[in-house]
1. Does residue 228 count as assigned to a loop (DSSP other than H, G, I, E, B) and out of contact with any strand residue (DSSP E or B) (no Cβ under 6 Å at 6 or more places or on another chain)?
2. For the range 20-34, what are the residues that are assigned to a helix (DSSP H, G or I) and surrounded by 18 or more Cβ atoms within 10 Å (Cβ to Cβ)?
3. Can you tell me which of 18, 98, 53 is in contact with a helix residue (DSSP H, G or I) (Cβ under 6 Å, 6 or more places away or on another chain) and closer than 25 Å to residue 114 by Cα?
4. Quick one: in the range 337-349, of everything that is touching a residue at least 12 places away in the same chain (Cβ under 8 Å) and out of contact with any helix residue (DSSP H, G or I) (no Cβ under 8 Å at 6 or more places or on another chain), which residue is nearest to residue 401 (Cα to Cα)?
5. Being at pLDDT 70 or above and either touching a strand residue (DSSP E or B) at 6+ places or on another chain (Cβ under 6 Å) or assigned to a loop (DSSP other than H, G, I, E, B) (or both): is that true of residue 177 here?
6. Please count how many residues of the range 104-139 are farther than 22 Å from residue 85 by Cα and outside any helix (DSSP H, G or I).
7. I'd like the full set of residues that are more than 16 Å from residue 111 (Cα to Cα) and either touching a strand residue (DSSP E or B) at 6+ places or on another chain (Cβ under 7 Å) or outside the structural domain of residue 6 (by TED's automatic domain parsing) (or both), limited to the range 57-95.
8. Could you please find all residues in the range 227-255 being surrounded by fewer than 19 Cβ atoms within 10 Å (Cβ to Cβ) and modelled with pLDDT of 80 or more?
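The values are calculated or read from the model by the stated rules, or taken from the named source; none is laboratory data. Only a predicted model underlies this, so the values are computations on that prediction, with no experimental measurement involved. Cβ sites come from the backbone with ideal geometry, for glycine too, and all protein chains shown count toward neighbours.
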């Protein structure tokens, strides 16, 4: 991001203070074009300055003062900038007005009586830093609003809408690239930039810094941690996790459904998570196509979005309150509060960790299968999940179910994190693991060699 600085030489002390303070608050991808630094000995400076303003710069900061108002050269730079602004139909000129400046010809040319500007002055270090932070915030806001036009200057009416879509699409690419990385194996931002730029040919490494800053400012990468140097996944989020590895999850769901069976009454516990979501989608499809074969299916799940999916299917099929329809699908909801990031009901307090087994006992339920998700699988650690209030009910459901079926995609093999410290199952425990086969995942290959009797690949 290149910012041209237009000023009168007598104001260079304040110029230096502004550039220094703003630079300290901006990513390294932002650069200032200042004549004394950019113009080489013997260069054709009028041509270079014109090119910088009309072609190279993304914005022009104009330091407005009484001295600048007397400068024909500053006036010429402003006229070039105004032509650029009109051509691209976006904000290009960013006026900084030195406190006490009269309404001179430069003020009039920039129409500052009708435009927003920032007043600046030489003050204490704290005051100058506050000015710099205000300028930075306004600059980031402008970059966000004008990103598409900056990268593709064409003055489209729908630029803002296109920019929103562009940022969302880029966030999806970043999420895909960074998804395998956790706190123990974070992804360096330079490597991330290289991979994202290779996947998307319409951005450069120079653009990437302010793009990722804006993506995180808008919270488009929930669950990820970014500190400017590295990025990693801290918590999988229901708003996006169900979009990953869709083909694999559908295949896993189809195989998992076979453990429910096609006849008789069945009672199952279905964990929250994206692969569990694929299983519920498969159950709903069987209901729509009337191929489930069940006289009665009872589902216990703490996931509010899975409950909604099952309930919506019943409504779309015209289920009534008749006994026959009620018997076709029973939904049992655990008692607790909702963990908003995962849309999952969790225990009210630590004394309620055996809530699922008590629920089964209270309703006279024999739990046939517990379908359980995982967040990480290793040879040393076994089947792991994040240590939080959600994991207690997984373990409780497994303790009373006749069979435990763990469902997760191959991306979970080899995932390690300090947060993954809750053991779902060790390799000596009784369970079946259904996953997709990834020929490039060496951890998965080794685990299948050692524990192939527990693992079904699809």
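1. On the way: assigned to a loop (DSSP other than H, G, I, E, B): yes; out of contact with any strand residue (DSSP E or B) (no Cβ under 6 Å at 6 or more places or on another chain): yes.
For residue 228, the condition - assigned to a loop (DSSP other than H, G, I, E, B) and out of contact with any strand residue (DSSP E or B) (no Cβ under 6 Å at 6 or more places or on another chain) - is met.
2. First, the residues of the range 20-34 that are assigned to a helix (DSSP H, G or I): 20-25.
Result: 21, 22.
3. Working: 18 fails: in contact with a helix residue (DSSP H, G or I) (Cβ under 6 Å, 6 or more places away or on another chain); 98 fails: in contact with a helix residue (DSSP H, G or I) (Cβ under 6 Å, 6 or more places away or on another chain).
Answer to the selection: 53.
4. The first filter runs over the range 337-349 and keeps only residues touching a residue at least 12 places away in the same chain (Cβ under 8 Å), leaving 338-339, 341-348.
Of the ones still in play, those that are also out of contact with any helix residue (DSSP H, G or I) (no Cβ under 8 Å at 6 or more places or on another chain) are 341, 348.
Working: 341: 27, 348: 23 Å.
Result: 348.
5. Working: at pLDDT 70 or above: yes; either touching a strand residue (DSSP E or B) at 6+ places or on another chain (Cβ under 6 Å) or assigned to a loop (DSSP other than H, G, I, E, B) (or both): no.
So residue 177 fails the test.
6. Of the range 104-139, the ones farther than 22 Å from residue 85 by Cα are 120-134.
Filter once more, so that each one left must be outside any helix (DSSP H, G or I): 120-124.
Number satisfying all stated conditions: 5.
7. Across the range 57-95, the qualifying residues are 57, 58, 59.
8. 227, 228, 229, 230, 247, 250, 254
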